């Protein structure tokens, strides 16, 4: 950061561009069209069938890595444009939410994308960093044509008139080089934290599955075949029953709208939703919503996307209403409801469905679910397992929450770092995460 901070007497001026603010006095402000060119080379006749795609998280990637289904026909390819390594690729409809990246490939891009390359006075990496800043992305919102602000197509003629800072070329190069090094360090730390979160989630899932199917002291127990192929052996003294033996479906409807506590299932937890929202996402009334009670278990049956998805469940902590898209069950015998929440949450529902002979389904009724076999340990073991998992999962969740906060802080730091560098600010405002800043220097 020496080249930016060594000159304490650097003079600044007002750029008169709101998103840029103050810039060094010797920098210029120019419209994009005087800094970057649009690449207008088309793919007709076909020069390449290597299709590129753009994602917010990964930037420019081969279309084959996107996970999209189906092939693009030769006729479609002729309607595509060409992009080269070191072109900035942006989605004209999604650039305001970060759909932009620097290409490492030669390939064909959708007509909805723009490919930009540098003029003699510009360093493409420097301007790619500008495009990565949310402040600049937000400044483009008024340039689009469309109904939804975040889905407005920005015509190239409008984008060409966006104002950008233009430092001397040598400074652009130094700033880009500095950001490359710093962002590489930040990205490595982000990847490391994300791997830790993923590992903890896998451990938590494995821990729950092991406890609710094998008990807490498997070494001191005799086992028997459960008769359920994907569960395997279970403690010999445990029983197996269909779900309907211990649970009924709750069918209470909110016919007179007496209940206003709107609940929803989110990542295995039942959360409250704000019924006062004006975003148009909620209905005008909640007539016909299901009433749910404390100690009910809510199922979400529309999450089947691939063979890795498990049953989504939530344990209800308070009375409220929930959309009829969910199925709710209530205990009809004395059981430890927390144990069964853990048990059902870890069920491999794909295999359950195949056992029903139905194949993979996008939704199931309670009648079908009620046939699902569940494990029945003695009540005291149910409680012991639930208490053990509560403590263990709380520790895991706290650790993951801490890692998530670190990720948020690092991402904010990265955004601030990029913005302050590409606008040539004299001082850096990183007090909230000064520890991270010191580690990176």
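When only alpha carbons are used to place a centre, region 126-203 and region 95-114 end up 13 Å from one another.
When the P(r) of region 128-274 is calculated, the portion above 18 Å amounts to 80% of the C-alpha pairs. In terms of packing, defined here as the mean over residues of other Cβ atoms within 10 angstrom, the peptides 230-241, 127-138, 326-337 line up highest first as 127-138, 326-337, 230-241.
Grab the Cα-Cα distance for residue 203 and residue 34, subtract it from 0.36 nm times how many residues apart they are, and report the gain in nm with one decimal. Mind dumping the intermediate values first?
Values: separation 169, 0.36 × 169 = 60.84 nm, distance 5.35 nm.
Length gained, residue 203 through residue 34: 55.5 nm.
Give the separation of the Cα centroids, region 221-253 to region 15-52, in Å. For region 221-253 versus region 15-52, the Cα centre distance is 62 Å.
What order do you get for 78-90, 386-398 when each peptide is scored by the mean count of other beta carbon atoms within 10 Å, highest first?
On the way: 78-90: 20.0, 386-398: 13.7.
For the peptides 78-90, 386-398, the packing ranking is 78-90, 386-398.
Assuming 0.36 nm per residue, please report the length gained on full extension of the stretch residue 41 to residue 260 beyond their Cα-Cα distance. Mind dumping the intermediate values first?
On the way: separation 219, 0.36 × 219 = 78.84 nm, distance 5.79 nm.
Full extension of this stretch gives 73.0 nm more.
In this simple spin-label approximation, residue 383 and residue 252 carry label points 7 Å from Cα along the Cα→Cβ vector, and these lie 2.6 nm apart.
The simple spin-label model puts a point 7 Å past each Cα toward its Cβ; for residue 48 and residue 188 those points are separated by 3.0 nm.
Values quoted throughout were computed directly from the atomic coordinates according to the rules given, and no laboratory measurement underlies them. The model shown is predicted, which means the values in this text are computed figures rather than measured ones. Glycine gets a Cβ as well: all are built from the backbone with ideal geometry, and neighbour counts include every protein chain shown.
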